[in-house]
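Structure first, commentary second.
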Amino acid sequence: MKSEFYYFQTRDDKWSNQNTVVALTGLMCSGKTKLALDFVKERKHFYFSFANLNESMARLFLSQTLFDEQQIHSWNEIFSKINEIAKFQPIFIFDDIESLLSDNEFCNALNDFMNSTIRNRIFMVLIFNQGANTNKLNLAFRCIDSKPISIAKTKKATPNWSNQEILELHTLTGGFVPLIKLFDDSVPFKDNLQKMFDKNSLFLTFAEKMLRSSFRTPESYMMILYAIACGNHRVSEIGKSTGFAYNKCDKYLGSLIDCGYVITSKVDNKTVYSIANSYLEIWFKYIYPNRNLIEIGTFDTFFFSEIYPQFIKKDVETHYREACFKVIRNRLICCVANATIEQVRDNPYTLKTKGFEYTFDCYIPEKSKAVFVKILSDTTEIAGKDMVVEFEEAAAKLNPLYNSELFICSKRRFSDFAVHEALGGFLKLITVERLKF
């Protein structure tokens, strides 16, 4: 994402026309501010956060910052001052501007200023949560979507834990940095979990804070998310679970999609809805319906006896497999059609021939090639010579096309034989360190 900033500033045609505006969006605490500040770390810039400020207080504090005086200036005067500063400091970052996007005076002044050709060159970064209403911004802005950190980055942040524990951590936290910081990898992973279940823990309160940052009254939206977390993925199932009419479900789902909480996909040509982040799914699946146990202080016992085994077996494994397929789809972007990429999902296929039977986690044939996927879920499995040869022979029997690709994903490091075999181009190896999406 950082490279997108450099592209917009150095190569985008709008930059030469003095009209570059970048909108940096994403879920709350997904790293938007850090991304912007990392980009300008060694550059002259002006940063201002409008967090928890209404329009009048925003004008007052920004006026004091720009003019070094107590007088409140109009938005037009403020942008005139910004124009003067831009002669020597052309990068401006306005953070947490959600509350101002509904203010006519602010939006009109910003529109007039950025659309004017009689001003100094400016690179403007507007930071706001995904789903904010930008209808009043009459600007040709470029959008960058900031996402929580990947499994690979989580491993770098907590290097003392095993790959399995890293997968458990990322499933629990969804890659949100404030949640990952609650964990200390210098002590055993399970010991960290004990601290998460205090009723005032950020781990337990963060999801509701996120929803309240997007919706004034999030209760109905939380019912929808709970229904999805419980396995209801079609609108008819969600309506039946919540008791909402289908058109009401559609309305709520549309808002949740706009805000980045829900994603859609097609299964058998029908739309299915899923929670976009694993932390939110875990929270609504296990925390939301058990808040009474949290209040009386018995949830930790219930979690380790009833939830944790299922969490390891199902939730972590599902999260791991989804991450593997995301990486594979990304690698295939340049070499197969989009329709084919969409089919690369967890969909086991069993090859049966005379005296031979073998199951891949995914098999997608295309005109001149085929894509095979095999995911090793067992943490003790190592892809040695015999296993790799078995995979390759099975793939060759199923589809002998010369430019096919076999992806093997493993929680363990691959053997030297597998690494050497992968140099040929047919075999692709994906470790936990490669799960960057």
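The values are calculated or read from the model by the stated rules, or taken from the named source; none is laboratory data. Source: prediction; values computed, not measured. Cβ: placed from backbone, ideal geometry, glycine included. Neighbour counts: every protein chain shown. All accessible areas refer to the heavy atoms of the entire protein, side chains included, with ligands and DNA or RNA removed. Shrake-Rupley method; radii C 1.70, N 1.55, O 1.52, S 1.80 Å.
When a/c is below 1.5 the answer is rounded, else prolate if a/b is larger than b/c, else oblate, so apply that to the stretch 228-341 with a ≥ b ≥ c taken from the square roots of the Cα gyration tensor eigenvalues. Note, shape of the stretch 228-341 comes out oblate. Sorted on the mean count of surrounding Cβ atoms within 10 Å across their residues, most packed first, peptides 235-247, 214-226 read 214-226, 235-247. Computed with a 1.4 Å probe over protein heavy atoms only, the accessible area of residue 268 comes to about 130 Å².
Using a probe of 1.4 Å on the protein chains alone, the accessible area found for residue 393 is around 110 Å².
Here is the short version for the chain: 29, 107, 143, 230, 249, 259, 334, 335, 362 have no other Cys C-beta closer than 4.7 Å. Take the Cα of residue 310, step 7 Å toward its Cβ, do the same at residue 60, and the gap between the two points is 5.1 nm.
Annotation for residue 250 and residue 157: the two label points, set 7 Å from Cα along the Cα-Cβ direction, are 3.9 nm apart. Rounded to the nearest 20, the Cβ-based charge dipole of the chain about its Cα centre (Lys and Arg +1, Asp and Glu -1) stands at 700 debye.
Of the accessible area of the chain, computed with a 1.4 Å probe over protein heavy atoms only, carbon and sulfur atoms account for 49 percent. Full extension of the chain between residue 143 and residue 334 yields a length gain of 66.5 nm, computed as 0.36 nm times the residue separation minus the alpha carbon distance.
Only protein heavy atoms count here; under a 1.4 Å probe, residue 364 has an accessible surface of about 10 Å².
Going by a ≥ b ≥ c, the root eigenvalues of the Cα gyration tensor, does the stretch 306-375 fall in the rounded group (a/c under 1.5), the prolate group (a/b larger than b/c) or the oblate group? Oblate. Counting 0.36 nm for each residue step from residue 194 to residue 212 and taking away their Cα separation leaves a gain of 3.8 nm. For the stretch 115-254, a/c is not less than 1.5, where a ≥ b ≥ c are the root eigenvalues of the C-alpha gyration tensor, and a/b does not top b/c. That puts it in the oblate class. Of 151, 135, 123, which is farthest along the charge dipole of the stretch 118-167 in the positive direction, counting Lys and Arg as +1 and Asp and Glu as -1 at C-beta? In the stretch 118-167, that residue is 123.
Between the C-alpha center of the stretch 50-82 and that of the stretch 254-296 there is a gap of 39 Å.
Angle, helix 104-115 long axis vs. longest principal axis of the chain, Cα atoms, 0 to 90°, nearest 10? Between helix and principal axis, roughly 80 degrees.
Spin-label model, residue 85 to residue 268: label points 7 Å out along the Cα-to-beta-carbon direction sit 5.8 nm apart.
Quick check: the angle from helix 385-398's long axis to the longest principal axis of the chain, C-alpha only, nearest 10 degrees? In the chain, helix 385-398 runs at an angle near 90 degrees to the longest axis.
With the other protein chains left in place, how much accessible area per residue, in square angstrom, belongs to the chain at a 1.4 angstrom probe?
About 50 Å² of surface per residue is accessible.
Distance from the alpha carbon centroid of the stretch 369-437 to that of the stretch 144-196 works out to 27 angstrom.
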